[in-house]
Amino acid sequence: MSHLLTVIPGDGIGPEITAQVLKVLKAVQAPFEYEEHPAGENALKTHGSLLPDSTVAAIEKSKLAIKGPTTTPVGGGHKSINVLMRQKFDLYANVRPVRALPGVVCVNNKANLTIVRENTEDLYAGIERMVDENTAESIKRITRKGSERIIRYAFELAKKTGKKKVAIVHKANIMKMSDGLFLKVGQEIASQYPEIETRDVIVDNACMQLVTRPEQFEIIVTENLYGDILSDLCAGLVGGLGVVPGSNIGDKAAIFEAVHGSAPDIAGQNKANPTALLQSAVMMLEHIGEMEKAQKIMKALFLTLEDANNRTADLGGRGTTSSFTEALIRNL
Ligand code: NAI
């Protein structure tokens, strides 16, 4: 079955790395019909909007998008595209796999886990007020509905990807009501997946365990704020934000993208590393059930990175965006 795929090349290095990733997808005969649409600074120039209606309509139709990084113009009250998309499509699951890659200097090469972060609630809902000029309040809002859908997503992901362990990360010992509700819902859902080993870990302990023994985790499911912090901590473990993929997933759409930005300092120079976006494409293949093609690309990526001649400048190599992809396609 062929899937309609909305391709958003984005800004800066976005179009360069997106083009390379499409070459790899075509080389493995991924079952996509590609439709390109603009978003970001380029779209603001050509369509007068960071996220044109035509792009929103395309994602509504395809429900699947791969997105290069977009530049958020400074000033003018521009919201980031990612925030806009998250709200527009109710993308409640932020999913970030974290694993060490050959040739990438890292703090702990035993990490191989996925963080599933709730994307819509918690302190990020923006419910804030000044009580008086010296006192501010932010409300932490956690709902059963919001907790249920993210925790179920994490368990279903474990089932689909053959993982055996889920850790629910919280601070219910202190925030007994909000985190208490998240944990309670987590334990209820866990009881429906007896084949999966579930444990709960308090967030401060989770940070320490992740740095010292990350191999004990397979899937971590957590609230918005803890997830934001833990996913960057984990990215730091395996070589930084430049090599880590990500996705924002909801019931109406799933959008896959690299974690890094549009890197204007190296745009148009054939220097950008396509690894992060390529791994996002691998996540997208897994999302639609194309596990074999996903594994094939990951194997080729590992082989390519193992050879120092292929690596791009950010990884200390002499390879270019295009030579890296050519080597990878040879390795498929
Ligand atoms: P950045 O991630 O674009 O760049 C930081 C540094 O990392 C730069 O030196 C850059 O050359 C390098 N870098 C990033 N990706 C690379 C790659 N694939 N290969 C080799 N080197 C790479 O972060 P910065 O400079 O803070 O942001 C630039 C723009 O990107 C801003 O407008 C920001 O709003 C936007 N941004 C967009 C994101 C998205 O669309 N998902 C995420 C983060 C930032």
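The values are calculated or read from the model by the stated rules, or taken from the named source; none is laboratory data. Because the structure is predicted, anything quoted here is derived from the model rather than measured. Please note: Cβ atoms are built from the backbone with ideal geometry, for glycine as well, and neighbour counts cover all protein chains shown.
For residues that are in a loop (DSSP other than H, G, I, E, B) and either within 13 Å of the ligand (Cβ to nearest atom) or under 15 Å from the mean Cα position of the chain (by Cα) (or both), tally how many sit in segment 224-270.
So in segment 224-270, the residues in a loop (DSSP other than H, G, I, E, B) come out as 238-240, 244, 250-253, 259-263, 267-270.
Now drop any that are not either within 13 Å of the ligand (Cβ to nearest atom) or under 15 Å from the mean Cα position of the chain (by Cα) (or both), which leaves 238-240, 244, 250, 253, 259-263, 267-270.
The total comes to 15.
Counting only residues that are modelled with pLDDT under 95, loosely packed, with under 13 Cβ neighbours inside 10 Å and in contact with a helix residue (DSSP H, G or I) (Cβ under 8 Å, 6 or more places away or on another chain), how many does segment 156-191 have? Here the count works out to 1.
Residues that are in a loop (DSSP other than H, G, I, E, B), under 18 Å from the mean Cα position of the chain (by Cα) and among the polar types (S, T, N, Q) do not occur anywhere in segment 277-296.
Within segment 230-242, being in contact (Cβ under 8 Å) with a residue 12 or more places away in the chain and of a type outside the set (Ser, Thr, Tyr) holds for LEU230, LEU233, CYS234, ALA235, GLY236, LEU237, VAL238, GLY239, LEU241, GLY242. Going by the structure shown, is SER62 hydroxyl-bearing (Ser, Thr, Tyr), in contact (Cβ under 8 Å) with a residue 40 or more places away in the chain and farther than 26 Å from THR320 by Cα? Considered against the rule, which asks whether it is hydroxyl-bearing (Ser, Thr, Tyr), in contact (Cβ under 8 Å) with a residue 40 or more places away in the chain and farther than 26 Å from THR320 by Cα, SER62 comes out as yes. Each residue in segment 275-308 was checked for being farther than 19 Å from LEU5 by Cα, touching a residue at least 12 places away in the same chain (Cβ under 8 Å) and not basic (Lys, Arg), and 11 of them qualify. From the list PRO194, PRO214, the one residue that fits, being surrounded by 15 or more Cβ atoms within 10 Å (Cβ to Cβ) and out of contact with any His (no Cβ under 8 Å at 6 or more places or on another chain), is PRO214.
The requirement of being more than 14 Å from the ligand (Cβ to nearest atom) and closer than 24 Å to ARG152 by Cβ is fulfilled somewhere in segment 63-75, by at least one residue.
One residue stands out in segment 148-177 among those that are of a type in the set (Gly, Ala, Ser) and free of Cβ contacts under 8 Å to residues at least 40 places away in the same chain: the one that is nearest to LEU285 (Cα to Cα), namely GLY162. Residues in segment 24-48 that are out of contact with any strand residue (DSSP E or B) (no Cβ under 8 Å at 6 or more places or on another chain), more than 16 Å from the ligand (Cβ to nearest atom) and of a type outside the set (A, V, I, L, M): LYS26, GLN29, THR46, HIS47, GLY48.
For segment 1-23, the set of residues classified as within 20 Å of ALA43 (Cα to Cα), within 16 Å of the ligand (Cβ to nearest atom) and surrounded by 21 or more Cβ atoms within 10 Å (Cβ to Cβ) consists of THR6, VAL7, ILE8, PRO9, GLY10, ASP11, GLY12, ILE13, GLY14, GLU16, ILE17, THR18, listed by residue number.
What residue, of GLY268, GLY317, GLY242, is touching a His at 6+ places or on another chain (Cβ under 9 Å), of a type in the set (Gly, Ala, Ser) and surrounded by fewer than 21 Cβ atoms within 10 Å (Cβ to Cβ)? Explain how you work it out, then say what you get.
Working: GLY268 fails: touching a His at 6+ places or on another chain (Cβ under 9 Å); GLY317 fails: touching a His at 6+ places or on another chain (Cβ under 9 Å).
Only one candidate passes the filter, namely GLY242.
Checking each residue in segment 306-323 for being closer than 18 Å to ASN270 by Cβ and either assigned to a helix (DSSP H, G or I) or among the aromatic types (Phe, Trp, Tyr) (or both) picks out ALA313, ASP314, LEU315, THR321, SER322, SER323.
Are any of the residues in segment 146-157 in a strand (DSSP E or B) and assigned by TED's automatic domain parsing to the domain that holds ASP200? No: zero hits.
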